[in-house]
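This report refers to the structure that appears directly beneath it.
The values are calculated or read from the model by the stated rules, or taken from the named source; none is laboratory data. Treat the numbers as computed from the prediction; the structure is a model and nothing was measured. Note that each Cβ is placed from the backbone with ideal geometry, even for glycine, and that neighbours are counted across all protein chains shown. Calculation scope for accessible area: heavy atoms of the full protein, side chains included, ligands and nucleic acids excluded. Shrake-Rupley method; radii C 1.70, N 1.55, O 1.52, S 1.80 Å.
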Amino acid sequence: MAMKLHELTIHKACGLLAQKEISSQELTRAVLSRIEAVEDRVGAYISVFEEEAMARAKRADREISKGHIRPLTGIPLSIKDLICTKGLKTTCGSKILENFIPPYDATLIEKLKGAGAVILGKTNMDEFAMGSSTENSGLKLTRNPWDLTCIPGGSSGGSAASVAADMCLGSFGSDTGGSIRQPASHCGIIGMKPTYGRVSRFGLVAFASSLDQIGPISKDVTDCSLLMNAVSGYDLRDSTSVQAAVPDFTACLQHGLKGLKIGIPEQYHSSGGLDPDVSASVENALKVLEGLGAECVGVSLPHTDYVVAVYYVIASCEASSNLARYDGVRFGFRDEGQTDLIQMYRQTRSRGFGEEVQRRIIIGTYALSAGYYDAYYGKASQVRTLIGQDFNNAFNTCDVLISPVASTPAFKIGEKVDDPLTMYLSDVFTLAANLAGIPGMSVPCGFSAGGLPIGLQIMGKHFNEELLLKVAYNFEQASDFHKKRPVL
Amino acid sequence: MKITDDEVIHVANLARLDLDEASLKKFSSQIGKILEYIDTLNRVDTAGVVSTSHAISLVNAFREDRIQEHLDRDQALSNAPEKEEGSVVVPKVVG
C-alpha cells in the first residue's frame, strides 16, 4: 500500500480499520517502525512498550473481526509520562521516579483501554511538568520535528513531538499553565486543555492541583473531538472532577460561524515582544474567521500584567506541597547508605530532583512559610479572583477569546535555560486559562519565515469546549496549515 | 537583594533540600529576581477581594463509606526502596 499508515489521522485510520483495509497490528507495527526510524533524532519517548502494544493491537483486531469497532479501537496513542500505567514505568521525567512502576492505571488509561486503544509508550516532558521547553527533563532531550535545533515546547514536548512526527496517531498530555497548548503550537498540531474538572486526574502525578488538567494532542480537530469523547466525564476517584453532562464532541463539528462574537483581548495584542510572524498569522486567522461569518470585538482583561506573577506563586506553592511526598521512603529513588533519617530525605531529594524543580520547591516553600503566606499565597489567590472576573466580564460581550498561544515560534535549544524568569514570561498567553479554569485550545495558523509552526489560541467559557472545537474546525477547513508535515 | 543566602538555606532546610555552594549562589540570585517580579502584585488593590483556591467551586465531594478493594500490601510496597516483613525500612528514627 502506497499510503504511509503512520501518517493517518485517527478518524481516517478508524475508517480503514472498519472497512478491514488495514489491521490494527499493521497500523501499530507501522507506527512502531516510524518510532524506530526517527526516535534518535526527535527523542519523543521515554519508554516504548512494543510487546504490550502489539498484544493490544491483536486484541483490537479480534474485536474488529467480530464487528465491534469504536472510534479508538486499535488506534496507537502515546501518553505523557506522568499518567500512571499499571505495570509500566511512569517517570514524570524525573530521576526521582526513574524506576517507578505504578501498581494501578490512571482513570484516563482505564478509559482508553476500555475504548480499545493501543498504548505505544510514554513521552518525554519537563520534570514534573515544570517548564516550557522539555529541556528540564531529567532523562532525555526532545527536539522539535520541524527544526531539530529547536525546542518542541513544554512541558508536554514529547507528546507534541510524537504527534507532529507521526510517531503515534494521537496523544494525551497535561496542562498546568500551557503545557498542552504551547507545545502543540510549536509543533504545528492541535492541543486542548479542557475545563478544569472535565477529565479525571486520578492517576495523574500532581504538580499544581488547582491548575492541572489532562487533555488531548492530535493531528486535526476531528481527532481532538474523538479523544475528548473517550476521556471526559465525572470520576468518583477524583473529587475535583465535575458532574457536568458530557456532550458528543463531534456533534459540534459543523460549518458556519455566523453570529459568533470573537473577543480580542487588547492587552494581549498590545503586549511587547510579540514576534511579527506570530502577529501576522493571528491577524490573518481573524480575517479568515470573519470571512466565515464571525465578528471581532475588542475586550479588556485588565489584570493581564499580573497573570505570570500569580501563576508562579500559586503553582510553586502547590508544587512544594505536592512534591513533599518524594522522600525516598515508600517509592522512588532513595539515596542509599544514609544512617540519619533527615539526611536521607535531604540527599534523596537533592539528588533526585533537578534544578528547576528544586527552584520551584524553594519559591513555594518560601511563599508559604510563616510571615510570608499573606504577602504571597494570600495575595496571589485574591488577584486570581480578579483574573477570573476579567474573563467572566469578557464573556458577557463575546463567545470566545482569540490570542496567540506563544509570543514567538519555538526557540533554540539552550537559549533560555539560564534565565528562568524569561522562560516564565514566555507563557503569558496560556497561564490565565488555568487560573480561571476555562478551556483553551491551540490550532495551527501559520509558519514563521524560518518555517516553524505558529498556533492560534481559542479560549471559551467553562464547559464550552464544543464551541472551541467548532471554531477550530471551521478554521481548519478554511486553511491548509494542518496538512503540512515536518520532513524528517 | 530580595532574599539572602541564609533565608534560602532556611527554606531549603524546611523543604528538605541540601544545596551546595554553587546552587545556593545561583538560587539566591535567581529567586531574588523572581520574587522582585512577584512583588508587582502589590500594585493591585485587593481590599475586600475573596481568594480563589479552585477555579470551579465545588461543595464537599462526599461519597458513601463503603468497603472497597484497595491495593494489597505487596502491591503497595512494590516500589519501596527497602522493605522487610511487609514494612518499609528507614534509617533509625528514635535515638
#### Entry: Every residue from region A:341-365 that is touching a Phe, Trp or Tyr at 6+ places or on another chain (Cβ under 7 Å), within 7 Å of chain B (Cβ to nearest Cβ) and either within 17 Å of B:PRO81 (Cα to Cα) or surrounded by fewer than 24 Cβ atoms within 10 Å (Cβ to Cβ) (or both)
A:ARG349, A:ARG359
### Task
Run A:PHE249 past the list (1) within 14 Å of chain B (Cβ to nearest Cβ); (2) aromatic (Phe, Trp, Tyr); (3) outside any helix (DSSP H, G or I); (4) closer than 30 Å to B:ALA61 by Cβ and report the number of the one that doesn't hold.
(1)
### Task
Would you please name the residue that is surrounded by the fewest Cβ atoms within 10 Å (Cβ to Cβ), looking only at residues in region A:432-488 that are of a type in the set (Ser, Thr, Tyr) and outside any helix (DSSP H, G or I)?
A:SER479
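Give A:SER179, A:SER132, A:SER174 a once-over and let me know the one that is within 22 Å of A:ILE96 (Cα to Cα), assigned to a strand (DSSP E or B), touching a helix residue (DSSP H, G or I) at 6+ places or on another chain (Cβ under 8 Å) and away from chain B (no Cβ under 14 Å). Outline the logic, then answer.
Details: A:SER179 fails: assigned to a strand (DSSP E or B); A:SER132 fails: assigned to a strand (DSSP E or B).
Going through A:SER179, A:SER132, A:SER174 in turn, just one is within 22 Å of A:ILE96 (Cα to Cα), assigned to a strand (DSSP E or B), touching a helix residue (DSSP H, G or I) at 6+ places or on another chain (Cβ under 8 Å) and away from chain B (no Cβ under 14 Å): A:SER174.
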### Message
Residue under question is A:PHE391, and the condition is that it be more than 14 Å from chain B (Cβ to nearest Cβ), under 23 Å from the mean Cα position of the chain (by Cα) and either modelled with pLDDT of 95 or more or open to solvent by 40 Å² or more (accessible area, probe 1.4 Å) (or both); does it hold?
### Response
no
### Filtered residues of region B:61-76 (kept if charged (D, E, K, R) and either at the interface with chain A (Cβ under 7 Å from one of its Cβ atoms) or part of a loop (DSSP other than H, G, I, E, B) (or both))
B:ARG63, B:GLU64, B:ASP65, B:ARG66, B:GLU69, B:ASP72
### Message
Would you confirm whether or not region A:301-319 contains a residue that is touching a strand residue (DSSP E or B) at 6+ places or on another chain (Cβ under 7 Å), more than 10 Å from chain B (Cβ to nearest Cβ) and assigned to a loop (DSSP other than H, G, I, E, B)?
### Response
yes
#### Entry: Selection status of A:MET167, touching a Cys at 6+ places or on another chain (Cβ under 8 Å), part of a loop (DSSP other than H, G, I, E, B) and either at pLDDT below 95 or of a type outside the set (Val, Ile, Thr) (or both)
no
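Residue under question is A:LEU386, and the condition is that it be at the interface with chain B (Cβ under 10 Å from one of its Cβ atoms), farther than 25 Å from A:CYS92 by Cα and modelled with pLDDT of 95 or more; does it hold? If you could, list the steps in order and put the result at the bottom.
Values: at the interface with chain B (Cβ under 10 Å from one of its Cβ atoms): yes; farther than 25 Å from A:CYS92 by Cα: yes; modelled with pLDDT of 95 or more: yes.
Spelling it out, A:LEU386 is indeed at the interface with chain B (Cβ under 10 Å from one of its Cβ atoms), farther than 25 Å from A:CYS92 by Cα and modelled with pLDDT of 95 or more.
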### Message
I'm checking my understanding of the structure. Among residues of region A:80-116 that are hydroxyl-bearing (Ser, Thr, Tyr) and crowded, with 19+ Cβ neighbours inside 10 Å, which one is farthest from A:GLU127 (Cα to Cα)?
### Response
A:THR107
### Query
So which residues in region A:40-59 are open to solvent by 40 Å² or more (accessible area, probe 1.4 Å) and within 22 Å of A:GLU98 (Cβ to Cβ)?
A:ASP40, A:VAL48, A:GLU50, A:GLU51, A:GLU52
#### Entry: Meets criteria (modelled with pLDDT of 85 or more and in a loop (DSSP other than H, G, I, E, B)) for B:LEU58
no
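If I filter region A:283-292 for residues that are free of Cβ contacts under 8 Å to residues at least 60 places away in the same chain, under 28 Å from A:LYS111 (Cα atoms) and either away from every other protein chain (no Cβ under 14 Å) or over 22 Å from the mean Cα position of the chain (by Cα) (or both), do I get at least one hit?
Here is the first cut: in region A:283-292, the ones free of Cβ contacts under 8 Å to residues at least 60 places away in the same chain are A:283, A:287, A:290.
Still in the list and also under 28 Å from A:LYS111 (Cα atoms): none.
Checked region A:283-292: no residue is free of Cβ contacts under 8 Å to residues at least 60 places away in the same chain, under 28 Å from A:LYS111 (Cα atoms) and either away from every other protein chain (no Cβ under 14 Å) or over 22 Å from the mean Cα position of the chain (by Cα) (or both).
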### Query
Has region A:20-39 got at least one residue that is closer than 20 Å to A:LEU226 by Cα, open to solvent by less than 10 Å² (accessible area, probe 1.4 Å) and in contact with a Cys (Cβ under 9 Å, 6 or more places away or on another chain)?
yes
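Run down B:ASP20, B:ASP39 and say which single residue is open to solvent by 30 Å² or more (accessible area, probe 1.4 Å), within 21 Å of the chain's Cα centre (by Cα) and more than 7 Å from chain A (Cβ to nearest Cβ). Can you show your working first?
Values: B:ASP39 fails: within 21 Å of the chain's Cα centre (by Cα).
Selected residue: B:ASP20, the only one of B:ASP20, B:ASP39 that is open to solvent by 30 Å² or more (accessible area, probe 1.4 Å), within 21 Å of the chain's Cα centre (by Cα) and more than 7 Å from chain A (Cβ to nearest Cβ).
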### Residue list for region A:142-164, filter: open to solvent by 10 Å² or more (accessible area, probe 1.4 Å) and assigned to a loop (DSSP other than H, G, I, E, B)
A:ARG143, A:TRP146, A:LEU148, A:THR149
